[in-house]
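The block underneath contains the structure these notes are about, expressed in structure tokens.
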Amino acid sequence: MRDEIVAFKRERILREAVSLFYKRGFTGTTLDEIAHELGVTKPFIYTHFKSKTDLLAEVCLPMIKLAVEKAEVAAGGEGTATERLRRLIAEFTCAVLENQERIAVYFRDAMSLPAEIRAQIDALRKKFDRILSALLLEGVNA
């Protein structure tokens, strides 16, 4: 039960951070503003996230991980290369539509992350690109 409560609180903080990052940008948003919108204190946020940058990482990393996951599932599934590519595009499009604000924050603000987090993101983006390229090449060669 305690883990569920902690997860709920973290997700609530993340949702508000995404909303404010989306409206004002990462650099234009403070932890004080996030806390104010939630009706909590800044120390409450610090019990769940180390920093505002940590919050941004929790917004950005799951988005690229989701893209890679969708690509892996679609590419490894049944059907022709064309069918799997269509499935990848459909799944990816649904994920983007379901996470529009998070995706916008990711594309606009990911450069504000520390180098080690950006390196993780770059590695995942390259993995996504390799999966997509292999699927396209398979379709061309079919």
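Would you list MET63, MET111, MET1 from fewest to most Cβ contacts within 10 Å? List each step's numbers first, then the result.
On the way: MET63 19, MET111 9, MET1 5.
Sorted ascending by nearby Cβ count, the order is MET1, MET111, MET63.
Consider a paramagnetic label point 7 Å from the Cα of ALA142 along Cα→Cβ; state which residues of the stretch 86-104 have an amide N under 12 Å from it.
Of the residues in the stretch 86-104, 86-88 have backbone N under 12 Å from the label point off ALA142.
Once the mean 1/r over all distinct Cα pairs of the chain is inverted, what Kirkwood radius in angstroms do you read off? Present the calculation step by step, with values, prior to reporting the outcome.
Working: mean 1/r = 0.0602 Å⁻¹.
Taking the inverse mean of 1/r over all distinct Cα pairs, the chain comes out at 16.6 Å.
With axes computed from alpha carbons, what is the tilt in degrees of helix 81-98 against the longest principal axis of the chain, rounded to the nearest 10 within 0 to 90?
10 degrees
Using 7 Å Cα-to-Cβ label points, what is the LYS126/LYS23 separation (nm, one decimal)?
If labels sit at LYS126 and LYS23, their model points lie 3.9 nm apart.
Counting other C-beta atoms within 10 Å, and keeping those with at most 15, which DSSP coil trypsin sites (Lys or Arg not before Pro) do you find in the stretch 1-53? Don't skip to the end; give the middle numbers.
Values: sites: ARG2, LYS9, ARG10, ARG12, ARG15, LYS23, ARG24, LYS50, LYS52; in loops: LYS50.
Of the trypsin sites (Lys or Arg not before Pro), the ones in loops of the stretch 1-53 whose Cβ has at most 15 other Cβ atoms within 10 Å are LYS50.
Report the GluC sites (Glu not before Pro) located in the stretch 69-133 that are in a DSSP loop and have at most 13 other Cβ atoms inside 10 Å of their Cβ, or state none. All intermediate terms of the calculation are to be shown ahead of the outcome.
Numbers: sites: GLU69, GLU72, GLU78, GLU83, GLU91, GLU98, GLU101, GLU116; in loops: GLU78.
Here the sparse-neighbourhood loop sites are GLU78.
Output the relative contact order of the stretch 2-141, whole-number percent, from Cα pairs under 8 angstrom with separation of 6+ residues.
On the way: 116 pairs, mean separation 40.8, N = 140.
Computed value for the stretch 2-141: 29 percent relative contact order.
Alpha carbon centre of the stretch 96-142 versus the stretch 3-48: separation in Å?
For the stretch 96-142 versus the stretch 3-48, the Cα centre distance is 25 Å.
For the stretch 76-124, rounded, prolate or oblate, judged on the Cα gyration tensor with a ≥ b ≥ c (square roots of eigenvalues), a/c < 1.5 rounded, else prolate if a/b > b/c?
Values: a/c = 4.61, a/b = 1.84, b/c = 2.51.
Taking the square roots of the gyration eigenvalues as a ≥ b ≥ c, the stretch 76-124 is oblate.
Per DSSP H run of at least 4 residues, take -39500 (n - 2.57); add these up for the chain, divide by its residues and hand me the 222 nm value, nearest 500 deg cm²/dmol.
Values: 7 runs with 115 residues, N = 142.
Result for the chain: -27000 deg cm²/dmol, rounded to the nearest 500.
Do the alpha carbons of any pairs in LYS9/LYS70; LYS9/LYS42; LYS9/LYS50; LYS23/LYS126; LYS23/LYS52 sit beyond 23 Å of each other, and which pairs? Don't skip to the end; give the middle numbers.
Working: LYS9/LYS70 27 Å; LYS9/LYS42 13 Å; LYS9/LYS50 14 Å; LYS23/LYS126 29 Å; LYS23/LYS52 16 Å.
LYS9/LYS70; LYS23/LYS126, as the Cα separations exceed 23 Å there.
Does anyone have the angle between helix 115-141 and the longest principal axis of the chain? Alpha-carbon axes, 0 to 90°, nearest 10?
Between the helix axis and the principal axis of the chain, the angle is about 20 degrees.
Taken together, the values in this text are just the output of simple stated rules run on the coordinates, not laboratory data. What you are looking at is a predicted structure, and each value in this text was computed from that prediction instead of being measured. With ideal geometry, Cβ positions are generated from the backbone for all residues, glycine too; neighbour counts draw on all protein chains shown.
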